[in-house]
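K.L.:
Take a look at the following structure, please.
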Amino acid sequence: MFDKKIRNALAFGALAAASIGHATAVAESYAVAPTWMPMTMLVVSFDTASQKLDVADQSTQGNKGPGGIYPSNPVKLGINTDSMGKPDLSATTFANYDPTQPWSVLQNAAFSRQLGWWAGSGTANVTLQTNIETAYGTGASIWIEAVSQSAGLETYLAVGKSGVNADNTTTVDPLAGGYSGIFGTAGSATKWQWDYKMDHNTYAVPLAYLSPNQLYSATYKVYIGDSTGSELAAASGASTLETWQWQAPAVMPVPEPETYAMFMAGLGLIGLIARRRKTN
């Protein structure tokens, strides 16, 4: 039992140390916010005849398979970006982000911003909202809940193309909630009320959870609920389950010196505490 406590303490210390480096590392500023195009948008629609939700992959990543699971091939997690803002899979060092900006949560983490929720072009989002409220009443809306996800997977909301403002500029809009935790990240709820706009799931896997070629995934339930997120009884059966996968790169990134030093210091401190407890 005591050995188990020590192992748990060491694991916690490693995570804490990594988190400290994550938060305090000095990083260079981006002239513009990362965009990481192109995206794989998951187009949410509503069949007025059957009154059921559907989610279709509008990219060429692969068709939806049995049970609503897609794509057939996992998307690689990015480590850095190239000059066009796309993931640079050959990079061996972590990307640097201005720590004062919302996207600084991706500091020292593998990331992917390929998955997004979309209602379609033009006024499709207005039509979708109207159809939902016509079928299930005013106040009914689409909710997305993380049913299961890999250990260590963090999810942040990116609003608009730049992730910080719905008008796609790099000006941070405090009402947009750009790069705020969703689906259980940073103490958030596991369910999230979609606003019918183009939003992106920005995923991050911290160093402590990253290993070569490891697969990370999350399964979501897309359903119709009330203002509190409770599924409407009348809409039971209208929901759909969707699973997405990411894969870590084969070549692991090298942590920044500051982060590595913090990591080792944290391990040493936890080890000292464990030895003192054992002596006592």
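The values are calculated or read from the model by the stated rules, or taken from the named source; none is laboratory data. It should be emphasised that the depicted structure is a prediction, and the values quoted were computed from it without experimental measurement. Cβ: placed from backbone, ideal geometry, glycine included. Neighbour counts: every protein chain shown. With ligands, DNA and RNA removed, areas are computed over all heavy atoms of the protein, side chains included. Shrake-Rupley method; radii C 1.70, N 1.55, O 1.52, S 1.80 Å.
K.L.:
Top to bottom by accessible area (1.4 Å), largest first, where do LEU207, LEU42 land?
P.N.:
Largest accessible area first, the residues go LEU207, LEU42.
K.L.:
Another question, if that's okay. Could you give the nm distance between label points at ALA124 and ASP47, where each point is 7 Å from its Cα heading toward the beta carbon?
P.N.:
For the pair ALA124/ASP47, the computed spacing is 1.7 nm.
K.L.:
Between SER180 and SER227, 0.36 nm times their residue separation minus their Cα-Cα distance comes to what?
P.N.:
So the chain would gain 14.9 nm between SER180 and SER227.
K.L.:
Under a crude label model (7 Å from the Cα following the beta-carbon direction), how far is ALA135 from SER150 in nanometres?
P.N.:
3.3 nm
K.L.:
Hey, another quick one. Starting from 0.36 nm per residue, how many nanometres of slack lie between ASP98 and SER236 once their C-alpha separation is accounted for?
P.N.:
Gain in length upon complete extension: 45.2 nm.
K.L.:
Once both labels are modelled 7 Å past Cα along the beta-carbon direction, what's the ASN213-THR171 spacing in nm?
P.N.:
The answer from the label model is 4.9 nm.
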